[in-house]
Amino acid sequence: HVAHLKIKGSGKKLAITNTHIFWNPEFEFVKYGQVSKIMMFLINNYSDTPKIFAGDFNSLPWSNVLRYIYKIPPVINSSSKGDYHKNKKFMEMFFEEYKHNLEMKSAYERYKNERKESFSSIDFIDETRFNELADNYPEFTNSTSDFTGCLDYIFYSKHDFELSSLISIPTTNENKRLPNKEYPSDHLLIGCSLNLK
């Protein structure tokens, strides 16, 4: 879903996209295709509008889905889940056919890094920097009886916003099976304050 908003007073516009990407790890190319289509939709319809793109991406921080958002080619190997040939064929095709020029940043990409300012001036994300950012996401935003990991994200167009605060996420040491009395969903609440430039 995309909400196209106009801010009273300033008249500035804002596009907020919320998504829930396909869950099954056997079909990574489907997730990749869904995200690439959404990004293309945003480019084609909201090119000059500040953007927020958030939701349950059902993808880990090191996944090809996040690699796509950061404009890094997919890595497909035979040990990955699902059909190697379909993953290779479709993800490489989507990467080439749906190259995007959006400069997106994730609110939680520096969550665990104590030296948060060290990432603030990065304009270009290469393989090494992508892995550093992936390592600094929260340990988990989803926890069930058979899976615990970070699946939820808030991306924003980095030249349009400044991040001012984040909702804290429990550490793995505090992890309890979700949902429970304190956390009524199998996903934790994530959120942030963004200042529109």
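The values are calculated or read from the model by the stated rules, or taken from the named source; none is laboratory data. Please read all numbers here as calculations on a predicted model, not as lab measurements. All Cβ positions, even for glycine, are placed from backbone atoms using ideal geometry, and neighbour counts span all protein chains on display. Note: accessible area is taken over every heavy atom of the protein model, side chains too, but ligands, DNA and RNA are not part of it. Shrake-Rupley method; radii C 1.70, N 1.55, O 1.52, S 1.80 Å.
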Legend entry - Test: residue in the range 147-164 that is at pLDDT 95 or above, touching an Asp or Glu at 6+ places or on another chain (Cβ under 8 Å), among the β-branched types (V, I, T) and at negative phi: no
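So which helices (runs of 4 or more DSSP H) stay within the range 10-118 end to end and still have 3 or more residues that are over 19 Å from the mean Cα position of the chain (by Cα)?
Values: elements: 28-45, 64-69, 84-97.
Because the criterion is at least 3 residues that are over 19 Å from the mean Cα position of the chain (by Cα), the helices (runs of 4 or more DSSP H) in the range 10-118 that meet it are 84-97.
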Inset, instruction - Report, by residue number, each residue of the range 3-41 that is crowded, with 17+ Cβ neighbours inside 10 Å, in contact (Cβ under 8 Å) with a residue 40 or more places away in the chain and more than 26 Å from K88 (Cβ to Cβ). - result: L14
Legend entry - Of residues in the range 170-197 being farther than 16 Å from D56 by Cα and of a type in the set (D, E, K, R), the one modelled with the highest pLDDT: K197
Inset, instruction - Any chance you could count how many residues in the range 62-94 are open to solvent by 20 Å² or more (accessible area, probe 1.4 Å), under 18 Å from K158 (Cβ atoms) and of a type in the set (A, V, I, L, M)? - result: 0
Inset, instruction - Answer with yes or no whether S79 is modelled with pLDDT under 95 and within 26 Å of N195 (Cα to Cα). - result: no
Legend entry - Boolean, Y70 is in contact (Cβ under 8 Å) with a residue 60 or more places away in the chain and within 17 Å of L102 (Cα to Cα): yes
Inset, instruction - Please list, ordered by first then second residue, the pairs with beta carbon atoms under 6 Å, 6 or more apart or interchain, first in the range 44-57 and closer than 14 Å to F161 by Cα, second of a type in the set (D, E). - result: P50/D160
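Is it the case that the range 45-61 has a residue that's open to solvent by 40 Å² or more (accessible area, probe 1.4 Å), modelled with pLDDT of 95 or more and more than 22 Å from N131 (Cα to Cα)?
Kept after step one, since they are open to solvent by 40 Å² or more (accessible area, probe 1.4 Å), are these residues of the range 45-61: 45, 47-48, 60.
Cutting the leftovers down to modelled with pLDDT of 95 or more gives us 45, 60.
From what is left, the residues that are more than 22 Å from N131 (Cα to Cα) are 45.
Looking through the range 45-61, at least one residue is open to solvent by 40 Å² or more (accessible area, probe 1.4 Å), modelled with pLDDT of 95 or more and more than 22 Å from N131 (Cα to Cα).
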Legend entry - Subset of the range 144-156 [farther than 10 Å from P61 by Cα and in contact with a helix residue (DSSP H, G or I) (Cβ under 9 Å, 6 or more places away or on another chain)]: T148, F155
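Given the residues S164, S143, which is the only one that is more than 17 Å from the chain's Cα centre (by Cα), surrounded by fewer than 20 Cβ atoms within 10 Å (Cβ to Cβ) and among the small types (G, A, S)? Full working, then the answer.
Details: S143 fails: surrounded by fewer than 20 Cβ atoms within 10 Å (Cβ to Cβ).
The conditions single out S164.
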